[in-house]
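> The structure under discussion is supplied below as structure tokens; questions concerning it will follow.
Just so it is clear, none of the values below were taken in a lab; they were calculated from the coordinates. Because the structure is predicted, anything quoted here is derived from the model rather than measured. Virtual Cβ from ideal backbone geometry, glycine too; neighbours counted across all protein chains shown.
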């Protein structure tokens, strides 16, 4: 347990350049507090002490602004940056070395029963305001861009952006975990550019046909 708690602290220093000292991280980082509260709540939830587990979860939510259902399964070295508005559902499963930013939702799509929340594999990064909804899997080493809404499974080593989220495959290569939120591909803009090129092509064909008719005198 001590080793696990130390890992939670160490990952803050790795991921957040603003972290200066252990005492600052332990006393002031709401994401760390939410994770530690969840580890306790989850242990109680597994022992079927549901009311006590949910009570701890709600108290943590009040103080941190982060809501993690005690039933969610979270791996090691999980990092929540800032964290306000993060929501993680009951049947969500999160692997190791996962990072999420503020405003992220790992939620369901309705009132379905059973497994209804996402599975997040190892080394995934989910950027600010992204929504990952339903019983889908985000596979290893993938990134979800800021503000994206992901409703379908994401293959390994991928970047997803847009509403709805679209996958940008990185040729099977492992993606660096650093994500520049200001330099994301825009699938909507790219589609408009494709349509613009198609319109120009059709216009050119139409002009060619008109020129051919004029030369024939028809």
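> How high is the relative contact order of segment 2-182, in percent, with contacts defined as C-alpha pairs under 8 Å that are six or more residues apart?
Working: 449 pairs, mean separation 21.6, N = 181.
In percent, rounded to a whole number, it is 12.
> Also, quick follow-up: Based on the Cα atoms of segment 1-109, what semi-axes does the equivalent ellipsoid have, where each is the square root of 5 times one gyration tensor eigenvalue, given in whole Å with the largest first?
21, 15, 13
> At 25 °C and 0.890 mPa s, what whole-number value in µm²/s does Stokes-Einstein give for the translational diffusion of the chain, with Rh from the Kirkwood sum over Cα pairs?
Here the translational diffusion coefficient equals 128 µm²/s.
> Turning to a different aspect of this structure: Taking the Cα atoms of segment 83-163, report the difference between the largest and smallest coordinate on each principal axis, in whole Å and largest first.
The Cα atoms of segment 83-163 stretch 29, 25, 24 Å along the principal axes, largest first.
> Okay, which of segment 71-87 sit inside 18 Å, backbone N to the point 7 Å along the Cα-Cβ direction of residue 40?
Residues passing the 18 Å test: 71-72, 74.
> Using a Gaussian network for the chain with springs between C-alpha atoms less than 10 Å apart, which of these wobbles most: 208, 81, 122?
Of 208, 81, 122, the most mobile in the Gaussian network model is 208.
> Need the full-extension length gain, residue 62 to residue 208, defined as separation in residues times 0.36 nm minus the C-alpha distance. One decimal, nm.
Result: 45.8 nm gained on full extension.
> Please find, in a Gaussian network model of the chain (springs between Cα atoms separated by less than 10 Å), the residue of 44, 133, 206 whose mean-square fluctuation is greatest.
206
> Hey, with R₀ at 41 Å, roughly what FRET efficiency would residue 197 and residue 135 work out to, going by the Cβ-Cβ distance, to 0.05?
Result of the calculation: an efficiency of 0.60.
> Using helices alone, I'd like the mean residue ellipticity at 222 nm for the chain: each DSSP H run of four-plus residues gives -39500 (n - 2.57), total over residue count, nearest 500.
My calculation for the chain gives -12500 deg cm²/dmol from helical runs alone.
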